[in-house]
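Undergrad: Let me begin by handing over the structure; questions about it come next.
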């Protein structure tokens, strides 16, 4: 504690900083969580370094005319080539960018919509809130894949549309969790005290509800990203991904259509699947670690 | 009982079930019928001969409907079909055909000259798309039940061939001019060696033998065409014996199949080609304004590396092309000297665009219209039913980018592709044709009159390009009886068309097929030695095949499965016995 | 279960269905501009024919009139005609429904059974090597794209080893009937069913494990142990049946969702069900067919969610007093 903060807000921020530090030291002790974090750092690092560790030109078959086709990783390190001579390693590394980008962007959209809806529905009572929850439940019931397919078929395949499609179909579960949490929080004493002191609804939501709901939202985010990534993979495999960009799902689609299965070109269909597995597991481990840590955290704050 | 044991028992039960199914499959056989199974990666669009345009339709028509004259399997020579003989009049414009005796449709109604006259005259009057170019000048008269006279108003090099499908009048007269356009053509009344039996569009269609076929009942009882959405799976099915012959096998599988014993690969040449077509600008909707500039068209044409496409996309199984191929016979393709060909030359393309004033003013790598207008972004239609089209699109996107042109791809199936092209809603597309033997039909498609006249209407001119000089040459060759003069005219019109850069033929390729040698024999290549075995001009193979010994279901894969099954069953049985014995022993410990 | 409770749940489900139907209309009709042109491409229609067809398909009149006619047609289960085959969408869907139901049904049963067993083992031996092992295994299968797992199984068992057929549901054209035909179909179903089973058993295992751990903390179990009953018996006779409750409802819910999620897996195996139909419809895109499939999938999920709700209430008296 270095400076003496005189305002109430200053104290609150200090408390939060300490809480964060505590959370981090707790997290560090959680082995699976650390493994997940490590894996994620490696993969994100690989994706960010894509221009350095691979050649973007090798993604277009017009530029790989001199490469052998279907080369094994030993013939053409590090991951061989596909049926048109494109470098599989380049596809893997640049594809990581798209898969991660879409997963993250779609999740952010889903989380934002879900949180706003959840907070509003949980905080207010009455017709509006009930209607919001009804709509949420309706969207929960619509099966994700057919809805995503329909939207993608109608909107057309592009990065932007895929992000929108996944984001728009994934928000309901966040909304439900956030709403439940907000309803619990509303009954907390300090909320009542603040209201007695004359705080407006908006102030309440911003200063008290939201900061206490954010841990849940964070945990939910880490568990939604893998779902979003798996969704992008499936949509790309079905041919609804952006045809101009490499992604892991697109690699699987192309390997399937080019006959990698019957000629056992494992270097083409194994890496993207393993990459997806790694990212999904990483986020899942991080998410479960966060959940375990944040649960007692919430209990602590309530005191 | 511990859940782990329960887990193990459950797993064993599943294994036993598997074993039983494997054994059962090994034992089940096809019964007494001789069945030929054909694998194909695309489905038919219509079995109505006046409407259908896609390759799978034609084989069915060849099997169900006989024609007046037929074509020899080895060299397309004209031989008797429904007509056993014919005579020419003095001026050569009238031919009198004598039909065979005792011809019958499969429902027992006699096949007479009436059916011939009805088909020809109606096709001409209603301008049936698949028939019109052949019958447009012909009038048919039935003299008696077995004699029919065909008179042409002009001298016609296509007489006496008349290879249009003769339809049963008593079935087709029930559909008036409007109804016939939406009739799907699925019925079992025909005169060919087989007639339609069951159709499940998108999955399979089957034909049954016609015992009353004039050339003798076929040895095969049933022919089944099975659709495979994944061509790779089709190859695997061929190798395992689930199908007897496969059409349109992926280029990637050819080498592997050639090395598989018991399978013969056929690269059947019958004049097939693929083209990268630009929107010629004379259709219902104009393309991107840049494409109306002939220099821009040439620039795009110069950005096509045909050799690379053949090497990479076709895995070497094709030849780079110049003009379209109007016939199964390559003699109709003109020899264009290399200096006059539109070669792969990105520098030349860039030069043409620079000189045309298409500069990249905002530095994003894409040129704009002169004066800084619309960026050059072309809509490229990608055929999802073609193995090659998406790959070619990948290459073209790369090359066009290097000359400063962006591409917006739009994927669709052939149905929708046909509509979008007709409506002019595109800048580029890739598709292909398989021509007939006589070049006339193929040539007729590119006349000005064959451009789509109304939205979603029918058409043949998918170049959307009108050249009155081409039309003039077409009409000349249509009535030219001297073969050499006719060939010269055809060469001239094809070269003219080629040089515009609107319709860029990418390659001449054969149909890639493969068949098993252990099930049937009598595979006929049409034409002999170089043609394909199925989906040929008159499909003579089906009626010619005879079975080899008795067909056993499956193949090597199943017997391994049977062994696995038996072993699994034995293990499962032993485990169950052990379980029950132990259970009795521990009964005392239960509550 | 009171009639009031049941009817409230059923009405709720119907309301959701109505919402989906309306949503469907706006999604498609507002975007797809020319269904008639698409259905009759290549046939030269006169203006009169076009108007007549538009009336037949309910495309004339204001958007409101179109909507009314759409509702009417939907109630009659008329979902229009496929662009690709011109056949009625409903008959196409009906034809291809049972292979998917068979595949998903078998997979659901198997994944529930195996998942529950794994969950029991993991919960009972909590924090042991077995627990970590099984949990790790289920997490791994959950993290895989289900169709990628299908690709691996296909390559190993069908392509390389040849133990199973590579595609389809039967050897087309074979005249096998009765038991032989059934066994042939089962033979074809093995790999796709295995894929779906492995893909989804993780969920059951995790839920069962959590539920069982929760249940084991309950007081009445302590009482049972105090009475001197053996561990195994306590677990199997008391804990497990009560812990199964959430799993039962999960099965019902999952059946609806997996029905619509098996699209990629059916594609890998060319399994001729609703999933492959969806994949093929995407090639066009065959919008009427996609629209009909979307409705069918949604209706299935709504229906099975309702079943799950009612089942849960039936099995757990505590819920009914809501």
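Undergrad: So if we plug the beta-carbon distance of residue B:496 and residue B:259 into 1/(1 + (r/R0)^6) with R0 = 35 Å, what FRET efficiency do we get, rounded to 0.05?
TA: 0.20
Undergrad: Based on the Cβ-Cβ distance of residue B:377 and residue B:475, what FRET efficiency does E = 1/(1 + (r/R0)^6) give at R0 = 35 Å, to the nearest 0.05?
TA: 0.35
Undergrad: Could you work out the helix-only [θ] at 222 nm for the protein assembly as shown, with each DSSP H run of four or more residues adding -39,500 (n - 2.57) and the total divided by the number of residues, to the nearest 500 deg cm²/dmol? If you can, show how the numbers build up before the last one.
TA: Details: 42 runs with 642 residues, N = 1216.
Dividing the helical sum by the residues of the protein assembly as shown leaves -17500 deg cm²/dmol.
Undergrad: Please work out the Cα center distance from the stretch B:238-301 to the stretch B:344-388, rounded to the nearest Å.
TA: The two parts, judged by their Cα centres, are 24 Å apart.
Undergrad: If you rank C:209, B:306 by fewest surrounding Cβ atoms within 10 Å, what's the result? Before the final figure, lay out the partial values.
TA: On the way: C:209 25, B:306 21.
In order of increasing Cβ crowding within 10 Å: B:306, C:209.
Undergrad: Return the average number of partner chain Cβ atoms within 10 angstrom of each residue Cβ along peptide B:243-256.
TA: Partner-chain Cβ atoms within 10 Å, mean over residues of B:243-256: 2.
Undergrad: Of A:155, C:310, how do they rank once you tally other Cβ atoms within 10 Å and put the fewest first?
TA: Ordered by Cβ neighbours within 10 Å, fewest first: A:155, C:310.
Undergrad: Given Cα pairs under 8 Å that are at least 6 residues apart, what percent is the relative contact order of chain A?
TA: About 25 percent, as a whole number.
Undergrad: Once the Cα atoms of helix A:127-141 and of chain A are each reduced to a long axis, what angle between those two axes, in degrees from 0 to 90 to the nearest 10, is obtained?
TA: 30 degrees
Undergrad: Just counting partner chain Cβ atoms within 10 Å, what average do the residues of peptide C:148-158 show around their Cβ?
TA: Across C:148-158, the average partner-chain Cβ count within 10 Å equals 5.
Undergrad: Let me ask you something else. Any idea how far the Cα center of the stretch A:28-65 sits from the one of the stretch C:293-310, in Å?
TA: 40 Å
Undergrad: At 7 Å along Cα-to-Cβ for each site, give me the label-to-label distance between residue B:153 and residue B:364 in nm.
TA: 5.6 nm
Undergrad: Let me ask another. Between residue A:184 and residue A:21, what is the spin-label point distance in nm, taking each point 7 Å from the Cα along the Cα→C-beta axis?
TA: Result for the modelled spin labels: 2.8 nm.
Undergrad: How many angstrom separate the Cα center of the stretch B:438-454 from the Cα center of the stretch B:180-206?
TA: 27 Å
Undergrad: What do you get for the angle between helix B:556-585 and the principal long axis of chain B? Use alpha-carbon atoms, 0 to 90 degrees, nearest ten.
TA: 30 degrees
Undergrad: State, to one decimal in nm, how far the label point of residue A:29 lies from the label point of residue B:518, with both points 7 Å from Cα in the Cβ direction.
TA: Going by the 7 Å Cα→Cβ label model, 6.7 nm.
Undergrad: If the elastic network links every pair of Cα atoms under 10 Å, which of A:289, A:260, A:12 fluctuates the most in the Gaussian network model of chain A?
TA: A:12
Undergrad: Next up: Residue by residue through B:396-403, how many Cβ atoms from other chains fall within 10 Å of the Cβ on average?
TA: Numbers: counts 2, 5, 8, 4, 1, 3, 3, 0.
Whole-number average of other-chain Cβ neighbours for B:396-403 is 3.
Undergrad: Which order results if C:280, B:176 are arranged by neighbouring Cβ count within 10 Å, fewest first?
TA: B:176, C:280
Undergrad: A further question follows. Once R0 is set to 22 Å, what does the formula 1/(1 + (r/R0)^6) return for the Cβ-Cβ distance between residue C:130 and residue C:217, expressed as a FRET efficiency to the nearest 0.05? Mind showing how you got there, number by number?
TA: On the way: r = 20 Å, r/R0 = 0.92.
That pair, residue C:130 with residue C:217, gives E of 0.60.
Undergrad: Between helix A:248-258 and chain A, what is the angle of the helix's C-alpha long axis to the longest principal axis, kept within 0 to 90° and rounded to the nearest 10?
TA: Rounded to the nearest ten degrees, it is 30.
Undergrad: From zero up to wherever the largest Cα-Cα distance of the stretch B:134-250 sits, split into 10 Å bins and tell me the percent of pairs in each.
TA: Whole-percent P(r) values from 0 Å outward: 10, 26, 31, 22, 9, 1.
Read-outs: derived from the displayed coordinates by stated rules, not from any lab. No experiment lies behind these values; they were computed from the predicted model shown. Backbone-built Cβ (ideal geometry, glycine too); neighbour counts: all protein chains shown.
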